Amino acid sequence: MTLSPELKMQFLYALRSKGVTDTRVLSAMEKTDRGLFVKGLFSERAYEDMPLPIACGQTISQPSVVGLMTQALKVRPRDKVLEVGTGSGYQAAILSHLARRVYTVERHKRLVREAAGLFQHLDLVNITPILGDGSHGLPDQAPFDRIIVTAAAEDPPGTLLQQLKPGGIMVVPVGQSDTVQSLIRVTRTENGYDYDDLRSVRFVPLVEGLGKDS
Ligand code: SAM
């Protein structure tokens, strides 16, 4: 399914009406065709504001939630960003228009392979896709200006908090996987961490170790 000008307008209108108002974020989302990240039957619904199934029993998140999380992350053009949970690659593609460099980690090999293919096809050369357990972060590339976790953790993972620069921001859904979770923004300060509770969300869980296919 291709993105007609009418569909694009509806898509952006739905984002704005749900509170995505940051013009840099809207412009990055306008440049990123969600239809490319959803395969098969569900591609028909790629421009609706709903999560959709992707391979390996995972989901591509609802566009308005992607927009609100990206907005909450306050990404700046020189930032080095870590995403945990590549999934379809949609969130990483949006971040690639906002940041200097994006590292994105996924525990399922098939999802990494497919997302890497899309990044190459779209010429998004500032994204590095990595197969791994993202709950340990990426010690070799740390510290990061921004970290976004797109799977629900029981608590903000301590290892990831330690990989934030001072002044850095992490956005993470927190709570049990089968209930409504809270989207939390953590800011690293000189003396510790500040926490903001942003809204209720529902994400698949952050799971330890690699997927069975990996
Ligand atoms: N950001 C994705 C997108 O734009 O399509 C959606 C992410 S989906 C809601 C959550 C993803 O997190 C799944 O693909 C899942 O396999 C991955 N995941 C869960 N636990 C993980 C872990 N410990 N390390 C890396 N990825 C993980």
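The values are calculated or read from the model by the stated rules, or taken from the named source; none is laboratory data. Because the structure is a prediction, the values reported are computed rather than measured. Here the Cβ is made from the backbone with ideal geometry for all residues, glycine too, and neighbour counts use every protein chain on show. With ligands, DNA and RNA removed, areas are computed over all heavy atoms of the protein, side chains included. Shrake-Rupley method; radii C 1.70, N 1.55, O 1.52, S 1.80 Å.
Structural remarks
- In the stretch 71-89, the residues that are in contact with a helix residue (DSSP H, G or I) (Cβ under 6 Å, 6 or more places away or on another chain) and among the hydroxyl-bearing types (Ser, Thr, Tyr): THR86
- When the criteria are applied in full, LEU52 meets the requirement of being surrounded by 16 or more Cβ atoms within 10 Å (Cβ to Cβ) and under 21 Å from ALA116 (Cβ atoms).
- Criterion applied to SER4, SER27, SER61 was being open to solvent by 10 Å² or more (accessible area, probe 1.4 Å), of a type in the set (Gly, Ala, Ser) and under 27 Å from LEU138 (Cβ atoms), and the one residue passing it is SER61.
- Count - residues of the stretch 90-129 that are near the ligand (Cβ under 6 Å from one of its atoms) and open to solvent by less than 10 Å² (accessible area, probe 1.4 Å): 3
- Selection status of GLN176, of a type in the set (S, T, N, Q) and crowded, with 16+ Cβ neighbours inside 10 Å: no
- Single match in LEU160, LEU198 (criterion: open to solvent by less than 10 Å² (accessible area, probe 1.4 Å) and not basic (Lys, Arg)): LEU160
- Just one of (1) part of a helix (DSSP H, G or I); (2) open to solvent by less than 60 Å² (accessible area, probe 1.4 Å); (3) farther than 23 Å from LEU160 by Cα fails for THR70. It is (3).
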